[in-house]
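Following this message is one structure expressed as structure tokens.
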Amino acid sequence: MQTVTTDLSFRRLQADILLDLQRLRHVSERRIGEMLEARDLAVTPAQANVLMTLFQNRGPLTARQLARDMQLSEVTVGRFVRALEKDGWVVRKRDPSDSRAILVDTTDKTRAALPRFIEVSNAIQDAAFAGLDRATVERIGACTRRILDNLADAPRTGPG
């Protein structure tokens, strides 16, 4: 059940938070890009997300699985994968258990660079959460997951 608020100050607070979340995404992507470049990792932040998703999975994934995990379209993930493959970061290969499926996997180049990717991940986390204790970070995590769930479950129609 969706609750509609008529409290204008609360509505303004909601709008400010959503704008801040969008700003957070842009600022973090810019900082991550700078950190990747400083460590000679010639990938975009979005491409790095593909690689980190593969690392976290500890094995190859199909483009469909990557898209689902990253909450992006298959077309978008396909563009990232093609660019990463061109630069030697990933390879595409047939799934041995399903010859119709194509798996995306990391290469030796990517596995060798893993420590630098982890450095970037740790550095952005340290910068983002500086001065916040564990309980606060857990609360932020719970709140952002709730917002994501709310938006994922929201009706796909326009305002009513």
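Taking Cα atoms, how many degrees apart are the long axis of helix 45-57 and the longest axis of the chain, rounded to 10 and kept between 0 and 90?
The angle comes out at about 70 degrees.
With r defined as the distance between the Cβ atoms of ARG92 and ASP40 and R0 fixed at 22 Å, what FRET efficiency is calculated, to the nearest 0.05?
0.35
Okay, moving on. Around ALA113, under 11 Å between beta carbons, what's the net of Lys plus Arg minus Asp minus Glu among the other residues?
With Lys, Arg at +1 and Asp, Glu at -1, the net is +1.
Now, a different point. Once every DSSP H run of n ≥ 4 in the chain is given -39500 (n - 2.57) and the sum is divided by its residues, what mean residue ellipticity at 222 nm do you get, rounded to the nearest 500 deg cm²/dmol?
Numbers: 6 runs with 106 residues, N = 160.
So the calculated ellipticity at 222 nm is -22500 deg cm²/dmol.
Moving to a separate point now. Across the chain, how large is the tail of the calculated P(r) beyond 29 Å, expressed as a percent of all Cα pairs?
The calculated P(r) of the chain puts 33 percent of pairs beyond 29 Å.
None of the figures in this text is laboratory data; all of them are computed from the coordinates on show. Since the model is a prediction, treat every value here as computed from it, not as a measurement. Cβ atoms come from the backbone with ideal geometry, glycine included; neighbour counts cover every protein chain shown.
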